[in-house]
Amino acid sequence: MQFQVTDELIKEVKDLIEIEDETQLNTVLHEIHFADVAEIISELNLSQATYLIKLLDSEKTSEALMELEEDFRERILENLSVKEIAEELEEMDTDDAADVVAELPEERAEKVIAEIEDERRAKDIKELLSYAEDTAGGLMAKELVKVKETWTVAGCVREMRRQAEKVTRVHSIYVVDKEGKLKGRLSLKDLLTASAKTHISEVYIPKVDSVTVDTEGEEVARVMQKYDLEAIPVVDHDEVLVGRVTIDDMVDFIKDEAEKDYQLAAGISQDVEADDSVWELTRARLPWLILGLFGGLGSVFIMENFEVALTKYRELFFFTPLIAAMAGNVGVQSSAIIVQGLANDNVKGSLFSRLVKEIGLSLISGVTLGILVILFGFFDGMDLLFSFTIAISMLCVIIVAALVGTFVPIILDKRGIDPAIATGPFITTSNDIFGIFLFFYIAKLILGF
């Protein structure tokens, strides 16, 4: 049966913290998984959470810290001494340790690294911090099991036992040459069935997928997904094995990227959380709202230029929201599909062929919706020419909106700009303006005002 963190358990922990019953706290939380400990900590106030982190063994709290929300973790770290933070880092995988250090102020980060007793670990953390955050180098961990091709099977097993002590989970055994260059991978089955005196060079598999330290995180995710990998080795530009990216880290990366893209699509320009300050939330949301304001003002000016039309055919005014809504919806649909395809590397062929396809789709949708509008006008007693005008306008607006929604993300992607920004107010606002202009212009051509 799955363990559940209950309100009663949280209350018990709070009560034990209140009376500072360290023995009972350790007893209650000893067998609980670190993810559940993190859930409990997240329900405590800052002083209670800090007390618990200091009390429990670093082997458990180091894992729990990485499960907390970043803002809450940073506040807890502010209440820990340099030595206490270093003790937590010594129990973490190097990639997690580097992430924590990156959250600290520069001066304090240097002191924490200097406090780490294991010089090799401190050097590894510094190396990871030198890579860009969203690259394979910034995502990788230094912990792995590697063997040299010149070793015998017996020597290999002894060395693997020594290395595995520092590795949380062994996904693969990598084979390197005397210079540390990645040569291949070793099958556990081949290792167990080979003679003790057999050299690794005779049994290892030379084909192994790898990425370089500067490979973008999205590309790492694509390779791991394509080849169904639980871990992928990372090499430098000299093909020297320097680390590995594991599936759990890649899942976290994909989740973070998805959250950023969702916020961009919603018109939020910065990474924010629901419990951030009013100023932070306003600063993230206001730029796109200003864009929407100017777009709305643009629509007002367009309608002013067609004042005669609104005077003669006042019914046009009532269909303006419908045209604007259809333009925005179609544009967002088209751009969302393209952005998803770009993220998954599924957008193939030329831009021209993609636009032609969108025109075909738009024609089908536009004609269908146009017929519905004409039928609505017939039953509502509207003039047939007027209904036809609305239908033709909607068809043209849908085609243009689909083309804009397709064209803009692809062009942004080709220029190295995150195409997710195109799926928010940018597409909606631009299509509103184009839609209203086309609506009145086509109405003018057909109705003759």
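So the values come out like this:
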quantity: Pick from the stretch 171-227, criterion touching a Pro at 6+ places or on another chain (Cβ under 9 Å) and among the small types (Gly, Ala, Ser), ranking: modelled with the lowest pLDDT; calculated: Ser172
quantity: Unique residue being at pLDDT 75 or above and either part of a helix (DSSP H, G or I) or surrounded by 15 or more Cβ atoms within 10 Å (Cβ to Cβ) (or both) when the list is Ile359, Ile268; calculated: Ile359
quantity: Pairs where the first residue, in the stretch 172-190, is closer than 15 Å to Val235 by Cα and the second is open to solvent by less than 30 Å² (accessible area, probe 1.4 Å) and part of a loop (DSSP other than H, G, I, E, B), C-beta under 6 Å, 6+ apart; calculated: Lys183/Asp177
quantity: Qualifying positions in the stretch 232-261 - in contact with a helix residue (DSSP H, G or I) (Cβ under 7 Å, 6 or more places away or on another chain) and open to solvent by less than 10 Å² (accessible area, probe 1.4 Å); calculated: Ile232, Val234, Val245, Met250
quantity: Count of residues meeting criterion [open to solvent by less than 10 Å² (accessible area, probe 1.4 Å) and either touching a Gly at 6+ places or on another chain (Cβ under 8 Å) or in a helix (DSSP H, G or I) (or both)] in the stretch 62-80; calculated: 5
quantity: Residue that is nearest to Ala136 (Cα to Cα), among those in the stretch 220-231 that are in contact (Cβ under 8 Å) with a residue 24 or more places away in the chain and surrounded by 14 or more Cβ atoms within 10 Å (Cβ to Cβ); calculated: Val220
quantity: Condition broken by Glu59, with the remaining ones in (1) open to solvent by 70 Å² or more (accessible area, probe 1.4 Å); (2) farther than 22 Å from Ile125 by Cβ; (3) not aromatic (Phe, Trp, Tyr) satisfied; calculated: (2)
quantity: Check on Asp238, outside any strand (DSSP E or B) and at pLDDT below 75; calculated: no
quantity: Residue check for Arg169: within 30 Å of Glu63 (Cα to Cα), free of Cβ contacts under 8 Å to residues at least 12 places away in the same chain, open to solvent by 50 Å² or more (accessible area, probe 1.4 Å) and out of contact with any Cys (no Cβ under 9 Å at 6 or more places or on another chain); calculated: no
quantity: Which listed residue is outside any helix (DSSP H, G or I) and open to solvent by 10 Å² or more (accessible area, probe 1.4 Å), from Lys123, Lys146, Lys83; calculated: Lys146
quantity: The stretch 336-349 residues that are closer than 17 Å to Met224 by Cα, paired with ones that are at pLDDT 75 or above and open to solvent by less than 100 Å² (accessible area, probe 1.4 Å) (beta carbon under 8 Å, 6 or more apart); calculated: Leu342/Pro409; Leu342/Ile410; Leu342/Asp413; Ala343/Glu218; Asn344/Arg222; Asp345/Arg222
quantity: Leu191, sole failed condition from (1) assigned to a loop (DSSP other than H, G, I, E, B); (2) out of contact with any strand residue (DSSP E or B) (no Cβ under 7 Å at 6 or more places or on another chain); calculated: (1)
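Here is a yes/no grid of residues against (1) more than 30 Å from Phe253 (Cα to Cα); (2) modelled with pLDDT of 80 or more:
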| site | (1), (2) |
| --- | --- |
| Ile302 | yes, no |
| Phe319 | yes, yes |
| Ala343 | no, no |
| Gly349 | no, no |
| Leu372 | yes, yes |
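The values are calculated or read from the model by the stated rules, or taken from the named source; none is laboratory data. Note that this is a predicted model, so its numbers are computed, not measured. In this analysis, Cβ positions are derived from the backbone assuming ideal geometry, glycine residues included, and neighbour counts consider all displayed protein chains. Surface accessibility is based on the protein's heavy atoms, side chains included, excluding ligands, DNA and RNA. Shrake-Rupley method; radii C 1.70, N 1.55, O 1.52, S 1.80 Å.
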